[in-house]
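Colleague: Just dropping this structure here.
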């Protein structure tokens, strides 16, 4: 399902919603990636997920992590999986811009 | 959806609901902005989102951040995005306040 716009998965987790939105904005502006979801993890943690080609996801996650570090309580985690196992797809949000 | 009252996005995040309501009040009173969402993020964090013209959102977020600093556990983050990417629109609060 995610293959139409690239396989690789990028994730940014922040403390609070504002840095998460800032990260999402920076990610989508910096490279050709699609937002596939926003999750309220609990405890104030928010995760945003993107998909795209590996290089684009890499650039996007770097830009997003950089941007959100300066906002509010900032970054918790930034990570890329170049090719998630198909078993993992079921725990990811379905896509279509959340 | 937001274009009828301006593109720019303003966000204020606080620790607790009371400063968030104070911020929302100050924002909507200080400039021509519309409150588009209020999110309970978890962990006691609350975020309020406004939209409007960039100048109005800027003024509103400054006023809101100022006002809520004095209330309760206060401010966590105040931020403006002048023109959010259209992919981002999907993750913004859909809870119209």
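Colleague: Pick from the stretch B:9-35 the residues that are in a strand (DSSP E or B) and more than 12 Å from chain A (Cβ to nearest Cβ): which of them is surrounded by the most Cβ atoms within 10 Å (Cβ to Cβ)? Break it down stepwise before answering.
Modeller: Going residue by residue through the stretch B:9-35, those that are in a strand (DSSP E or B) are B:9-15, B:33-35.
Restricting the remaining residues to those that are more than 12 Å from chain A (Cβ to nearest Cβ) gives B:33-35.
Details: B:33: 27, B:34: 19, B:35: 20.
Filtering the stretch B:9-35 for residues that are in a strand (DSSP E or B) and more than 12 Å from chain A (Cβ to nearest Cβ), the one surrounded by the most Cβ atoms within 10 Å (Cβ to Cβ) comes out as B:33.
Colleague: For the stretch B:45-64, name all the residues that are in contact with a helix residue (DSSP H, G or I) (Cβ under 7 Å, 6 or more places away or on another chain) and surrounded by fewer than 22 Cβ atoms within 10 Å (Cβ to Cβ).
Modeller: B:59, B:63
Colleague: Looking at (1) modelled with pLDDT of 95 or more; (2) more than 21 Å from residue B:47 (Cα to Cα), which is the only condition residue A:23 fails?
Modeller: Checking residue A:23 against (1) modelled with pLDDT of 95 or more; (2) more than 21 Å from residue B:47 (Cα to Cα), the one that fails is (2).
Colleague: Hey, can you tell me all the residues within the stretch B:43-97 that are assigned to a strand (DSSP E or B) and either within 8 Å of another protein chain (Cβ to nearest Cβ) or more than 17 Å from residue A:24 (Cβ to Cβ) (or both)? Walk me through how you get there before you give the answer.
Modeller: Let us first name the residues in the stretch B:43-97 that are assigned to a strand (DSSP E or B), namely B:45-52, B:75-81.
Result: B:45, B:46, B:47, B:48, B:50, B:52, B:75, B:76, B:77, B:78, B:79, B:81.
The values are calculated or read from the model by the stated rules, or taken from the named source; none is laboratory data. Given the structure is predicted, the values throughout are model-derived calculations rather than measurements. All Cβ positions, even for glycine, are placed from backbone atoms using ideal geometry, and neighbour counts span all protein chains on display.
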